Amino acid sequence: MRYNLFENQRNEIILLARILLMILFIISGWGKLTNFGGTVAYISSLGAHMPMGVAVVMEFFVAIAIVVGFYTRPLAFLYVLFVLGTALIWHHFWTMVDPEHAANMIQYFKNLSIMCGLLL
């Protein structure tokens, strides 16, 4: 029988992983929720058209649901699609020049890393 060092703490480690994956989104979603009008105005000033209601629901409410373990697997998969969409819409580094290219390339691959964590 193999001994797994973290076998007894499996649930706690998974909870910690969910918290660490979602904390960025909860903070961002809270900012959008508490300054909804300002966020919509900012996004509009960029010429972007993103349904802010969807972003708030995903970034705040769905992220909290994932942290607490409510329908974790289906919501994590939904979140993968959301993060992929934001990567493609906001961080299309392949159409940019430096310094935007470098910054958005990092953000794009950060999103891919988050997606991998959610799939795991």
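In the set (1) touching a Phe, Trp or Tyr at 6+ places or on another chain (Cβ under 9 Å); (2) loosely packed, with under 12 Cβ neighbours inside 10 Å, the condition left unmet by Lys32 is number (2). Out of all the residues in the stretch 53-63, is one or more outside any helix (DSSP H, G or I) and without any contact (Cβ under 8 Å) to a residue 24 or more places away in the chain? The answer is no, given that none of the residues of the stretch 53-63 is outside any helix (DSSP H, G or I) and without any contact (Cβ under 8 Å) to a residue 24 or more places away in the chain. Looking at Met105, Met22, just one residue is at pLDDT 95 or above, farther than 13 Å from Leu118 by Cβ and outside any loop (DSSP other than H, G, I, E, B), and that residue is Met105. Of the residues making up the stretch 64-85, those that are of a type in the set (Ser, Thr, Tyr) and within 16 Å of Ile26 (Cα to Cα) are Thr72, Tyr79. With the condition kept exactly as written, say whether any residue in the stretch 42-55 is within 12 Å of the chain's Cα centre (by Cα), at pLDDT 95 or above and aliphatic (A, V, I, L, M). No - not one qualifying residue is present in the stretch 42-55. Among the residues of the stretch 91-100, are any surrounded by 18 or more Cβ atoms within 10 Å (Cβ to Cβ), of a type in the set (Ser, Thr, Tyr) and in a helix (DSSP H, G or I)? No - not one qualifying residue is present in the stretch 91-100.
The values are calculated or read from the model by the stated rules, or taken from the named source; none is laboratory data. Just so it is clear, the model here is predicted, and its values are computed rather than measured. Every residue, glycine among them, receives a Cβ derived from its backbone with ideal geometry; neighbour counts consider all protein chains shown.
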